[in-house]
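Chemist: Would you mind keeping the following structure in view while I ask a few things?
The values are calculated or read from the model by the stated rules, or taken from the named source; none is laboratory data. This one's a predicted model, so the numbers in the text were calculated from it and none came from an experiment. Please note: Cβ atoms are built from the backbone with ideal geometry, for glycine as well, and neighbour counts cover all protein chains shown. Accessible surface is based on the protein model in full, side chains and every heavy atom, while ligands, DNA and RNA are left aside. Shrake-Rupley method; radii C 1.70, N 1.55, O 1.52, S 1.80 Å.
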Amino acid sequence: MFDLDDLREKITDFKEKSPLGFKIAVLFIALFFISLIILAFQGGAQKIVIDENEKLVPDAEILIPDSPDLEKNYFPSRKPEQKWSESEILNYFTPPDDSTMTNLERSNDSLVNDILGAAP
């Protein structure tokens with residue numbers, strides 16, 4: 001069936017004829033078995049689940065560095081609102097004027113023509 005002495009003799013002949021090739025073959029076999037062992041113990045990548053709705057509970061006060069770039073009323077987080085208040089609308093939203101809307105319309109038309117230009 002399978003003769004162990006014959007295999008041992010072939011390995012010895014290969015070692016004597018090509019010592020460098022034998023060392024390379026042994027190195028590849030060793031690396032193969034080492035990688036099998038590492039994969040067996042690694043088991044697989046575990047997914048880390050991050051709950052974005054989890055409330056932050058700091059163990060100490062959050063210290064914000066003094067910097068000219070940050071305002072003194074800086075808050076690390078806030079509760080997002082679903083709608084703007086009237087004062088926020090007046091403060092932050094600027095209705096576009098006619099020239100801005102015309103430029104936007106031209107830009108969009110140009111983009112659509114570029115995309116559909118080759119269409120039949």
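Chemist: Search the stretch 19-38 for residues that are in a helix (DSSP H, G or I) and pair each with any residue that is open to solvent by less than 100 Å² (accessible area, probe 1.4 Å) and hydrophobic (A, V, I, L, M, F, W, C) when their beta-carbon atoms are under 7 Å apart and the residues are at least 6 apart or on different chains.
Modeler: If the second residue must be open to solvent by less than 100 Å² (accessible area, probe 1.4 Å) and hydrophobic (A, V, I, L, M, F, W, C), the pairs left are 22/14.
Chemist: Which of the residues that make up the stretch 1-28 are over 47 Å from the mean Cα position of the chain (by Cα), of a type in the set (Phe, Trp, Tyr) and open to solvent by 100 Å² or more (accessible area, probe 1.4 Å)?
Modeler: Within the stretch 1-28, 2 is the sole residue that qualifies.
Chemist: Being out of contact with any Leu (no Cβ under 7 Å at 6 or more places or on another chain), surrounded by 10 or more Cβ atoms within 10 Å (Cβ to Cβ) and modelled with pLDDT under 75 narrows it down to one of 31, 39, 70, so name that one.
Modeler: 70
Chemist: In the stretch 73-120, how many are surrounded by 10 or more Cβ atoms within 10 Å (Cβ to Cβ) and either among the β-branched types (Val, Ile, Thr) or modelled with pLDDT under 85 (or both)?
Modeler: 5
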